[in-house]
Number of protein chains: 2
Amino acid sequence: MTTTTRYAFDTDTANTAVGEHEYALDLSERWTTMAGTANGGYLLASCLQALRREIPQPDLLSASAHYLRPGVIGPARIRTEVARIGRRTATGTALLTRDDREIIRVLATFTDLAKAEGQTVERGEPPVLPPPDRCVNPLEAMGWSAATIAGQVEFRTAEVPGFFRGEPGGTAAADFWLRFADGRPADPIALALLVDSAAPVVFDLGVSGSSTIELTVHIRRRPAPGWLACRVRTNHLVNGFHEEDFDIWDSTGALVAQSRQLALIP
Amino acid sequence: MTTTTRYAFDTDTANTAVGEHEYALDLSERWTTMAGTANGGYLLASCLQALRREIPQPDLLSASAHYLRPGVIGPARIRTEVARIGRRTATGTALLTRDDREIIRVLATFTDLAKAEGQTVERGEPPVLPPPDRCVNPLEAMGWSAATIAGQVEFRTAEVPGFFRGEPGGTAAADFWLRFADGRPADPIALALLVDSAAPVVFDLGVSGSSTIELTVHIRRRPAPGWLACRVRTNHLVNGFHEEDFDIWDSTGALVAQSRQLALIP
C-alpha cells in the first residue's frame, strides 16, 4: 500500500501503481453485502481513487458505473484511461477486474468545486428528521447487520422502518442519518460509496435482494463534517427492474450528492 | 450508409462499419441546438446505434454519457468496445470523435425487455395534461425554434410556458407532450435522444444556455406508439451546476424512460 491512514475507507480503497495506468488493490471483506460480495459503492469508490491519481482537478463531480459481475473480495486490478483534461473539468474511465474478469466499468468527470461560481437556486428541502441523538439505530433490529458493511456505516432513523423488522410497509421510501462508523469525514469520493451503503428501500416491498446494474452519482457540493441526512425513494418497480434515488444533505442542510441506480431483483 | 429509412432519426443516426469496432457517420445539421452544434441526445443515440450492432440483446436498458467537447456537425467516427455479453444483459462502451478529438463517451447496458418478468409496483403518476389536440405548440412562441432540432421534435403544452415567451416563471418545471415530427414511433434508443430534446427547464430561472456534462437514461419499458407525456424538473442549481430530471410516459400512461443530466450554465 502506498498510504497508511487510520480510516477504513482510506485503507480499503487505497491502491498501488503496478504499471502505466494500472493499479493493484485488495477488495476488503470489511465492505461486503449480505450476499458476501463487495458493496457496489465500495467498488465504485475504489475505481475513483485510482482515476483521481491521473486527474488534476481535486473533486469528483459525476460518476457513472455499470456493474458486470459480483465483486468477490481479494486481489483486484484497476485500469484507467484519461479521456480529456480540460481547464474546468476532466473525464476518464476506470475498470476493475478480478482474475482478468471485468467487475465494474466507470466513467467519471472531476472538477474543482471551490471554483464553481455560478448562480444558486434551491427548490429542494432536506428530509425532516429528529436530531441524530434522538433517533434509533435501525440495524440493531435487522438481520442486514450480517453484511460487514453494516459495521462501517452508522445509521439513525426516527423509528425503525418496518422492513428492518421483517414487516414491509409497502412505501419503498426512507429518510435517515448516516456517517462512517469510525468518524471519517465524507468527501466527494466517499459520498459515491455512501449513496450505495444502505439497505435497498425496495426491501420495503417485501423483496429480499437487489443487484445494481447502473449507478450514477453527482456531487453538488463538498460536504461539511458531521451526520449526513438522506432521502431514498423507489417509485417504479417494473418487471423486476427498479430505480433507487438517494440524495444526501450535509450537517449544514446543503445538498451534497444526488444519485440514482437501476437495479434488478433476482 | 448501410440502411435507407424514411425517418430523420434513422437516417441521421445510421453508420457504416469502417473497421473492427469502428464506424463512420455524418453528424447531421438537422439536430443542432441554438448553439449550432449537435444536440447531446442525438450524439448519444448515434453512439448507441453503433454499439447495438455488436450486442445480441435488442433493447437499450441504461446508458450513461459524459460530454467532453461540443459536437460540430460533419463526418465523425465511433469506436466501440464490448465489455461483457451475459445471458440477461450486455454492456459496452462507445466513443465518438471528430477529427480525432473525443466528443462524447458512453457506457451502456442492453437487455431484452420482453423477457423481464419480475414484480411491478408503481408509485409514480404521469403528468396531468389536456389531450394533445387541446394543447398549444409552444415553439411557435419561442426563438428556440432557431435550433434545427426544433424541426424534428414536436411539443404540446397546456399553455405556453413563461420562459418560452421571454418571461421566466422561476419554477424550472415543465410538463408537456412530445413526439418525432415525422411520425417515427419511439423506441428505447430514440428515447435516449428525446430526453435531451427539449429546451432546458432551467431557462425558466432566467438563464439562456446550459451545457450537458453527464446524462444517464434508464429505459423502463418499450414505448407504445403515439404522443409521449413528459415531466421535467430542475430542483437544485448550485454555483452554476444543475440537474435536470426528465421522465417520459407513453400514450398508455406507462413510464418508459427516466433520465437525469448534470449540466453547467456557461
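Coordinate-derived values only; no laboratory data. None of the values given here were measured: they were computed from a predicted structure. Reconstructed Cβ throughout: ideal geometry from the backbone, glycine too, with neighbour counts over all protein chains shown.
For the protein assembly as shown, a crude dipole built from +1 on the beta carbon of Lys and Arg and -1 on the beta carbon of Asp and Glu, taken about the Cα centre, is about 400 debye to the nearest 20.
Here region A:139-198 and region B:16-34 have alpha carbon centers that stand 45 Å from each other.
Of all chain A residues, the one whose Cβ lies closest to the rotation axis that maps A onto B, given with that distance rounded to whole Å, is A:Ser64, 2.
For A:Val82, the label point sits 7 Å beyond Cα toward Cβ; its separations from the matching points on the remaining copies run 3.2 nm, from shortest to longest.
Across the alpha-carbon set of chain B, the Rg to Rh ratio works out to 0.95, Rh being the Kirkwood radius. Three principal axis extents of region B:98-215 based on alpha-carbon atoms, in descending order, are 46, 44, 29 Å.
Considering chain A as a Gaussian network with a 10 Å cut-off on Cα pairs, which listed residue, A:Asn239, A:Asn39, A:Asn15, attains the greatest mean-square fluctuation? Between A:Asn239, A:Asn39, A:Asn15, it is A:Asn239 that shows the largest mean-square fluctuation.
Summed over qualifying helices (DSSP H, 4 residues or more, each -39500 (n - 2.57)) and divided by its residue number, the protein assembly as shown shows a 222 nm mean residue ellipticity of -2500 deg cm²/dmol.
The HN-Hα couplings worked out from phi for region A:16-30 by the Karplus form 6.51 cos²θ - 1.76 cosθ + 1.60 (θ = phi - 60°) are 10, 5, 10, x, 5, 6, 9, 9, 10, 8, 10, 6, 7, 6, 6 Hz, whole numbers, x standing for Gly and Pro.
Label point of B:Arg53 (7 Å along Cα→beta-carbon): distances to the other copies' equivalent points are 3.7 nm, sorted ascending.
Between the residues A:Leu51, A:Ala17, B:Ile219, the greatest Cα displacement towards the positive end of the dipole of the protein assembly as shown, with unit charges on the Cβ of Lys, Arg, Asp and Glu, is found for A:Ala17. Cα centroid separation, region A:41-57 to region B:236-253: 27 Å. Between region B:85-130 and region A:98-133, what is the C-alpha centre distance in whole Å? After rounding, the separation between the Cα centres reads 21 Å.
Working from label points 7 Å from Cα in the Cα-to-Cβ sense, the B:Arg6 to B:Ile85 distance is 3.3 nm. Projecting the Cα positions of A:Tyr7, A:Ala108, A:Leu255 onto the charge dipole of chain A (unit charges on Cβ atoms of Lys, Arg, Asp and Glu, taken about the Cα centre) puts A:Ala108 furthest along the positive direction. Look at the alpha carbon pairs under 8 Å that are at least 6 residues apart: their mean separation over the length of region B:93-212 gives a relative contact order of 19 percent. Computed about the Cα centre, the dipole magnitude for chain A is approximately 460 debye when only Lys and Arg (+1) and Asp and Glu (-1) carry charge, each at its Cβ. Please say if region B:46-160 is rounded, prolate or oblate, where rounded means a/c under 1.5 for a ≥ b ≥ c the square roots of the C-alpha gyration tensor eigenvalues, and otherwise the choice is prolate for a/b larger than b/c and oblate otherwise? Here region B:46-160 falls in the oblate category.
Take B:Glu22, push a point 7 Å out from Cα through the beta-carbon direction, and compare it with the same point in every other copy: 2.4 nm, smallest first. With respect to chain A, whose longest principal axis is taken over its alpha-carbon atoms, helix A:40-51 is tilted by about 20°.
All other residues with a Cβ under 15 Å from the Cβ of B:Asn15 taken together, and with Lys, Arg as +1 and Asp, Glu as -1, what is their net charge? Net charge in that neighbourhood comes out at -1. Charged side chains reduced to their Cβ positions (Lys and Arg at +1, Asp and Glu at -1) give region B:82-171 a dipole of some 460 debye around its Cα centre.
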